[in-house]
Amino acid sequence: MSEPLFRRLALIGVGLIGSSIAHVARRRGDIAAEIVATARTDATRATVERLGLADRVLADPGATVEGADCVILCTPVGAYADVAAAIAPHLAKDAIVTDVGSTKQSVIRDVGPLVPEGVHFVPAHPIAGTEHSGPESGFAELFEGRFCILTPPPGTDETAVDKVAELWRRAGSMVEVMEPGHHDRVMAIVSHLPHLIAFTICGTADDLQDQSMKDVLRFAASGFRDFTRIAASDPVMWRDVFLNNREALLEMTQRFTEDMTAMARAVRWGDDAYIIDKIERGRRIRRSLIALKQA
């Protein structure tokens, strides 16, 4: 077995992603010699202890990061600024601070200025997840065969970037480096907009008259069931994602609205060529995802 990549790994938040990191680190043994975690509530900390996800589980984020050579922020991105302020005085020299957030420009904005001199900041985004949340939802295989995108700011220590990349490779991910703004635009179309649509269409269904809603639930086809799976995702996390990637998400929402209007017009006027073209393009995208083993 290889030497552990880190002596002490500190997890700030132990939801789906944080607990999955803990699971894979426990299974492999070469990611961290020790895992320390923090969670806001007594109940969550008790669950983490019961599941054996960490060697120590603390209430205080500052105490959690003391002596850690790698700290991973695993809370909703809207909490990052407060978390960074709380842990900053306790970070060890040469420690690496990274994260798992789905927005990267906001993370660099909120966390970057609070990272002390001598501490390395390497933002990251593992593109993996389920609709479930909480420490009991995690599993070691979550990251296998999935991409993890790193968005290090200019001047970031290359050794620190390499170590974060190696962490995710050991977790089973394929690692890419990307400019933060480009990351946020890509995520707006492939992740954030689909979630926005899913929440909205389920809200539309929920607003129907009682009998109509009963029939929606009884006769839901696979398309609607897929929307409900996405819409079951954590509301606080997704609120924070939407608000912290506002510009890119609104741009993609506007483009989608225009395309949806064009499709509705094609349906109204029987423009079968337009409809078939859109469907064929969707089929091509699906085949491409399968070829990339991302579906």
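The values are calculated or read from the model by the stated rules, or taken from the named source; none is laboratory data. Predicted model, so just to flag it, every value in this text is computed and none were measured. Every residue, glycine among them, receives a Cβ derived from its backbone with ideal geometry; neighbour counts consider all protein chains shown. Areas reflect the complete protein model, heavy atoms only, side chains present, ligands, DNA and RNA absent. Shrake-Rupley method; radii C 1.70, N 1.55, O 1.52, S 1.80 Å.
Things worth noting here:
- Top-ranked residue in segment 120-149 [being of a type in the set (A, V, I, L, M) and assigned to a strand (DSSP E or B); ranked as nearest to Leu289 (Cα to Cα)]: Ile149
- Residue count, segment 141-177 (criterion: closer than 19 Å to Leu16 by Cα and either of a type in the set (Asp, Glu) or in contact with a Cys (Cβ under 6 Å, 6 or more places away or on another chain) (or both)): 4
- Per the listing Pro153, Pro180, Pro135, the residue uniquely under 20 Å from Leu249 (Cβ atoms) and in contact (Cβ under 8 Å) with a residue 12 or more places away in the chain is Pro180.
- From the options Ala46, Ala85, Ala79, residue that is open to solvent by 10 Å² or more (accessible area, probe 1.4 Å), in contact with a Leu (Cβ under 7 Å, 6 or more places away or on another chain) and part of a helix (DSSP H, G or I): Ala85
- Considering the conditions (1) without any contact (Cβ under 8 Å) to a residue 60 or more places away in the chain; (2) in contact with a helix residue (DSSP H, G or I) (Cβ under 6 Å, 6 or more places away or on another chain); (3) among the β-branched types (Val, Ile, Thr), Val100 is excluded by exactly one of them, (1).
- Residue satisfying all of: in segment 241-295; in a loop (DSSP other than H, G, I, E, B) and within 30 Å of Val77 (Cα to Cα); least open to solvent (accessible area, probe 1.4 Å) among these: Asn245
- Those helices (runs of 4 or more DSSP H) of segment 150-224 in which at least 1 residues are within 22 Å of the chain's Cα centre (by Cα), farther than 21 Å from Asn244 by Cβ and of a type outside the set (Lys, Arg), considering only elements entirely within it, cover 158-170, 193-206.
- Filtering segment 218-240 to residues that are surrounded by 11 or more Cβ atoms within 10 Å (Cβ to Cβ) and either over 28 Å from Gly18 (Cβ atoms) or of a type outside the set (D, E, K, R) (or both) leaves Ala220, Phe224, Phe227, Thr228, Ile230, Ala231, Ala232, Ser233, Pro235, Val236, Met237, Trp238.
- Within the option set Asp60, Asp94, Asp55, being open to solvent by 50 Å² or more (accessible area, probe 1.4 Å), in contact with a Ser or Thr (Cβ under 9 Å, 6 or more places away or on another chain) and at pLDDT 95 or above holds for one residue only, Asp60.
- Qualifying residue in segment 96-113 (condition: in a strand (DSSP E or B) and polar (S, T, N, Q)): yes
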